[in-house]
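See structure below.
Here, each number is a calculation from the coordinates, and none is a lab measurement. Not measured: the values here are computed from a predicted model. Neighbour counts are summed over all protein chains in view; Cβ atoms, including those assigned to glycine, are modelled from backbone coordinates with ideal geometry.
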Amino acid sequence: MPGSATLSIGELARRTGLSVSAIRFYEERGLIQPHRTAGNQRRFLRSDVRRLSFAMVAQRLGLSLAAIEAELAQLPLGRAPTQEDWQAISRRLRGTLDARIAMLERTRDLLDGCIGCGCLSLERCQLYNPGDRAGAAGPGPRYLLGDRPASEELAPD
């Protein structure tokens, strides 16, 4: 029923594109809380479409399930979140998303060159990371993690 205030689990699955088992998973994690009918059928609020849509987008952006759960816990259960509710989540996530964007940009810009991993297998690595200087800063792809090559540190601005 298009005008109904609640949705069955099948309707919620069709509306969100999630499988019924995924919806049950999110329910078990407390991201949504259905009401039960007299016949013990699950009924979900229409606002649960937004909650699940947020969870899907947040996961695609690389947020952990724990982070998603923490944000959704800030939203009211039993009523549709307001624009102010969503704006508060947006403000809290902005720094995390900006850091992810910066990491993606660094990866895009450095992936075809030296990423500071210490492999020294490319000619560029011998220029940007001689003797594996990046390794002194710690394990992993140091330049993608935000460290700067020594040649950049010495370059005039």
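Rg to Rh for the stretch 64-127: what is it, with Cα atoms only and Rh by Kirkwood?
Computed over Cα atoms, the ratio is 1.29.
Ignoring everything except DSSP H segments at least 4 long, calculate the 222 nm mean residue ellipticity for the chain; use -39,500 (n - 2.57) per segment, divide by total residues, nearest 500. Provide the component values of the computation, followed by the final result.
On the way: 7 runs with 79 residues, N = 157.
The helix-only estimate for the chain comes to -15500 deg cm²/dmol at 222 nm.
Highest first, please rank the peptides 41-48, 82-89 by the mean number of other Cβ atoms sitting within 10 Å of their residues.
The densest-packed peptide leads the list: 41-48, 82-89.
Work out the charge dipole of the chain with +1 on the Cβ of Lys and Arg and -1 on the Cβ of Asp and Glu about the Cα centre, then indicate which of Leu97, Pro149, Ala136 is farthest towards its positive end.
Leu97
Using Cα-Cα distances under 8 Å and only pairs 6 or more residues apart, what relative contact order does the chain have, in percent? Could you put the intermediate results ahead of the total?
Working: 137 pairs, mean separation 21.5, N = 157.
About 14 percent, as a whole number.
Using only Cα atoms, what is the ratio of the radius of gyration of the chain to 2.2 N^0.38 Å? Walk me through the numbers before you get to the answer.
Details: Rg = 23.0 Å, N = 157, 2.2 N^0.38 = 15.0 Å.
So the chain has a normalised radius of gyration of 1.53.
Measure out, as a whole number of angstrom, how far apart the alpha-carbon centroids of the stretch 1-62 and the stretch 120-136 sit.
50 Å
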